[in-house]
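Asks: Dropping a structure here in structure tokens format, bear with me for questions.
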Amino acid sequence: MTLVLNRIDDRLIHGQVVVGWGQPLDVRFILLVDDGVAASEWEQELYRMGAPPEMDVYFLNVSAAIDELPRYRADSRHGILLTGDIGTMRRLVEEAGISTINLGGIHHRAGRTQRLRYVFLNEDEETALRELAARGVAITAQDVPGARPIPLDDILSGVAR
Amino acid sequence: MSDGQSAGGAKVEARAIVAGHGDFASGLVSAVDVITGRGAQLIPVAVPGLCAEDIEKLIRERMVESGVKVIFTDLQAGSCTMAARRILRGADDAVLIAGVNLPTLLDFVFAEQMAPVDAARHSAERGRAAITVAGAAGGVKHA
């Protein structure tokens, strides 16, 4: 399995992903799963410009990702699976067998409560994460590799703040 | 455009936004001011804890408030750069310089005789040329 990180990050491709994780993990491709981006050539070009030349970026909508994930898992290169929201990752857990989740950046928005410096969640999102954890998915928050991975229980209980 | 104040107290017109990770922007603008006293030409923007939409909104608001047409950002892949690209989509009177360094901004703040967009393009070339490598290979090389 060569998807070395399954990350939820609402900024999608940005410095922490490309440089912070990309360099130490020798990441050679990003699988960006987002229905909106997959439908827009302009958005794809925007994100492609953010990646270095040696890093491929593949854009898939959720349905296509569910079908094609086995092919990307079989890729000999290291890759990052990236979604911009919990709902998208939840579908990949339920229909494509994702078993670990990195909460990398879910930022402030109306209705959300701050849980960490870079994680804000509303009630529905918290419920969704609890349900995923109950299915056996290992969920931690970690913005960059040098930071301590924070377990979901610590995030939601407030211990980690 | 909005007015800032130089280290010497004179009114200075803001000419560009500087945006990036952490305290990159304020640090770089501070350095420009220490060296030249012209830091007030630059509006530093930090974006801690903001989602992509809010970063775009913040930078757009600073542009509207100040009237500037130049954005300097720190990293090609950075969130501020992504936001700036969205803001400048279809705009032919504004410019984004990604990968800014101190020599770039020093050149920019002294190019007051040029239109800000032209000064930004010029300063990008100067900033690129200002990176040098010195060490074991001998001599000094431009990167």
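A short reminder: the numbers here are calculations on the coordinates, not readings from a lab. The structure displayed is predicted, hence computed values, not measured ones. Using ideal geometry, Cβ is built from the backbone for each residue, glycine included, and neighbour counts are taken over all protein chains shown.
Asks: How big is Rg to Rh over region B:24-86, alpha-carbon atoms, Rh as the Kirkwood inverse-mean-distance radius?
Replies: Computed over Cα atoms, the ratio is 0.97.
Asks: Would you work out the relative contact order for chain B, in percent, from Cα pairs under 8 angstrom that are 6 or more residues apart?
Replies: The value is 21 percent.
Asks: Along Cα→Cβ, 7 Å out, is where each label goes; now give me the distance between the ones at residue B:115 and residue A:2 in nm to one decimal.
Replies: About 4.9 nm, to one decimal.
Asks: If one takes the longest principal axis of the Cα atoms in chain A, at what angle in degrees, from 0 to 90 and to the nearest 10, does the Cα axis of helix A:86-96 lie?
Replies: Once rounded, the angle reads 70 degrees.
Asks: Could you check the simple spin-label distance between residue B:36 and residue A:99, using points 7 Å along Cα→Cβ, in nm with one decimal?
Replies: So the label points at residue B:36 and residue A:99 sit 5.6 nm apart.
Asks: Please work out the ratio of the alpha-carbon Rg of region A:47-108 to 2.2 N^0.38 Å and round it to two decimals.
Replies: 1.18
Asks: Can you list the lysines whose alpha carbon sits under 18 Å from that of residue B:57, skipping same-chain ones fewer than 8 residues off?
Replies: Those lysines meeting the cut-off are B:69.
Asks: Now, a different point. Express the Stokes-Einstein translational diffusion coefficient of region B:3-142 in µm² s⁻¹, to the nearest whole number, given a Kirkwood radius over alpha-carbon pairs, 37 °C and a viscosity of 0.692 mPa s.
Replies: The Stokes-Einstein estimate is 214 µm²/s.
Asks: Taking chain B as a Gaussian network, Cα atoms linked when under 10 Å apart, which of B:111, B:14, B:120 shows the biggest mean-square fluctuation?
Replies: Most flexible of the set in this elastic network: B:111.
Asks: Count, for each residue of A:98-111, the Cβ atoms from other chains sitting within 10 Å of its Cβ, then give me the mean as a whole number.
Replies: Whole-number average of other-chain Cβ neighbours for A:98-111 is 2.
Asks: Here's another thing I want to ask about it. Ranked highest first by the average count of other Cβ atoms within 10 Å around their residues, in what order do A:109-120, A:126-137 fall?
Replies: A:109-120, A:126-137
Asks: Now, a different point. Report the relative contact order of chain A, percent, no decimals, based on alpha-carbon pairs under 8 angstrom and at least 6 residues apart.
Replies: After rounding, I find 28 percent.
Asks: Okay, next question. Output the Kirkwood hydrodynamic radius of region A:1-108, Cα pairs only, in Å rounded to one decimal.
Replies: When all Cα pairs of region A:1-108 are included, the Kirkwood radius is 13.6 Å.
Asks: Would you mind giving the mean number of other chain beta-carbons within 10 Å of the Cβ of each residue in A:9-16, as a whole number?
Replies: Across the residues of A:9-16, the mean count of other-chain Cβ atoms within 10 Å is 6.
Asks: Another question, if that's okay. Return one number: the angle in degrees, 0 to 90 and rounded to the nearest 10, between the long axis of the Cα atoms of helix A:123-134 and the longest principal axis of the Cα atoms of chain A.
Replies: Its long axis makes an angle of about 80 degrees.
Asks: Using Cα atoms only, what is the angle between the long axis of helix B:79-88 and the major principal axis of chain B, expressed in degrees (0 to 90) to the nearest 10?
Replies: On a 0 to 90 degree scale, this one is about 60.
Asks: Along Cα→Cβ, 7 Å out, is where each label goes; now give me the distance between the ones at residue B:130 and residue B:53 in nm to one decimal.
Replies: Taking the simple label geometry, residue B:130 and residue B:53 are separated by 3.8 nm.
Asks: Next up: Which of these, B:114, B:82, B:63, has the largest mean-square fluctuation under a Gaussian network model of chain B (Cα springs below 10 Å)?
Replies: B:114
Asks: Per residue, what volume in Å³ does the convex hull of the Cα atoms of the protein assembly as shown enclose?
Replies: So the per-residue Cα hull volume is 158 Å³.
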